[in-house]
1. Once R0 is set to 35 Å, what does the formula 1/(1 + (r/R0)^6) return for the Cβ-Cβ distance between SER259 and ALA73, expressed as a FRET efficiency to the nearest 0.05?
2. Evaluated at 25 °C with a viscosity of 0.890 mPa s, what Stokes-Einstein diffusion coefficient in µm²/s does the chain have when Rh comes from the Kirkwood expression over alpha-carbon pairs?
3. Amide H of VAL31: which non-local residues (sequence gap of 5 or more, or other chain) have their own amide H closer than 5 Å, using H built in the peptide plane?
4. At 10 °C and 1.306 mPa s, grab the translational diffusion coefficient of segment 86-157 from Stokes-Einstein with a Kirkwood Rh over Cα pairs, rounded to a whole number in µm² per second.
5. For every other residue with a beta carbon closer than 13 angstrom to the beta carbon of ALA244, add +1 if it is Lys or Arg and -1 if Asp or Glu, then tell me the sum.
6. Using a simple charge model, +1 on the beta-carbon of Lys and Arg, -1 on the beta-carbon of Asp and Glu, nothing else, what dipole does the chain show about its Cα centre, in debye to the nearest 20?
7. Can you pull the semi-axes for segment 45-200, root of five times each eigenvalue of the Cα gyration tensor, sorted largest first, whole Å?
8. Output the peptides 224-235, 34-45 sorted from most to least packed, where packing is the average of other Cβ atoms within 10 Å over each peptide's residues.
Amino acid sequence: MEVVIRPNAETATELVAQVISRELRDNPRLVMGLATGRTMEAVYARLVQMHRREGLDFSVCHTFNLDEYVGLAGSHRNSYRHYMNHNLFLNVNVDLRNTHLPDGAAADIEAECERYERLIAECGGVDLQLLGIGLAGHLGFNEPASSLRSRTRIKVLSPVTRAQNEPLFVPPHEMPRRAITMGVGTILDARRCLLLATGEDKAEIVARAIEGPVTSMISATALQFHPHCTAVLDEAAAGRLQEADYYRWIFENEPQWQSYRNGSNTPGLDGHPVKPRRRKKEIATVLGGA
Ligand code: GLP
């Protein structure tokens, strides 16, 4: 695994956005795996800015999100479809028909999971999978004891995940107990994985995920098997890593990071929330048919 440590959340976010934008410019038909959570909001805000200021083009890319809450339709304000629409999709020129999330409101969840796996395969697989990490060490919603070869399926959310995500629900007790999530095996099939973690509260789980033994109790440790995984951390999230100095040296000296070393001072997030501004009709169509 490549580990990159940046001084703060803003510079870590900037690096992730730069990696995504370069992959997208190199291959406009990129199939992107996307994640949700608070950490990703800043990444999406930066991608929206790149679209508006630099013309970053999403028109022929495809996206597959990691997960969705069971029981929530895409129109629900706490659904991940809603999160994605408002943080990214409605603010760039992606074709909404090319944006995919599992349908949490499907009548037959098992069939929906199979459909989702099929769809990813039909698109040629995920090229670049963006990942956050939950305090339980999960990728997507692959909670403790998730099989490291698992495919898209339903999972019951762990107490740690419920405690982490409940504050995002209004009212908190309405948070579903189950979710559909890509499996660990599904995630490992992506050609490249890009994990972003920021903040001191992630330091312990990040150290266990990157430097600890591989275990199904922390699904993020499975990334140690991936042939091309980059973990981007800020100093706070890297605080418990044994080999932090080694990782810092690699980023400062190795040629593959050269073009990113000076790029981290490009105008970053301006702190202003990005408002959805168009294509309301299109989204209604997608939500109706999802
Ligand atoms: C949710 C998502 C995960 C994500 C995690 C991190 O649980 N299912 O994919 O990694 O949130 O969230 P945050 O960035 O808010 O810490």
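Every read-out reported here was derived from the displayed coordinates using simple, explicitly stated rules and does not represent laboratory data. Keep in mind that what you see is a predicted model, and the values were worked out from it rather than measured. Using ideal geometry, Cβ is built from the backbone for each residue, glycine included, and neighbour counts are taken over all protein chains shown.
1. After rounding to 0.05, the efficiency reads 0.25.
2. Answer from the Stokes-Einstein relation: 129 µm²/s.
3. Residues meeting the criterion, in which the H sits 1.01 Å from N, are HIS62, ASP127, LEU128.
4. Values: Rh = 14.3 Å.
Reported coefficient: 111 µm²/s.
5. Details: positive: ARG6, ARG240, ARG248; negative: GLU211, ASP234, GLU235, GLU243, ASP245, GLU252.
Local net charge: -3.
6. Details: 33 positive and 35 negative charges, 174 e Å.
So the dipole magnitude of the chain works out to roughly 840 debye.
7. Each semi-axis is the square root of five times an eigenvalue, giving 23, 19, 17 Å.
8. Per-residue mean Cβ counts within 10 Å order the peptides as 34-45, 224-235.
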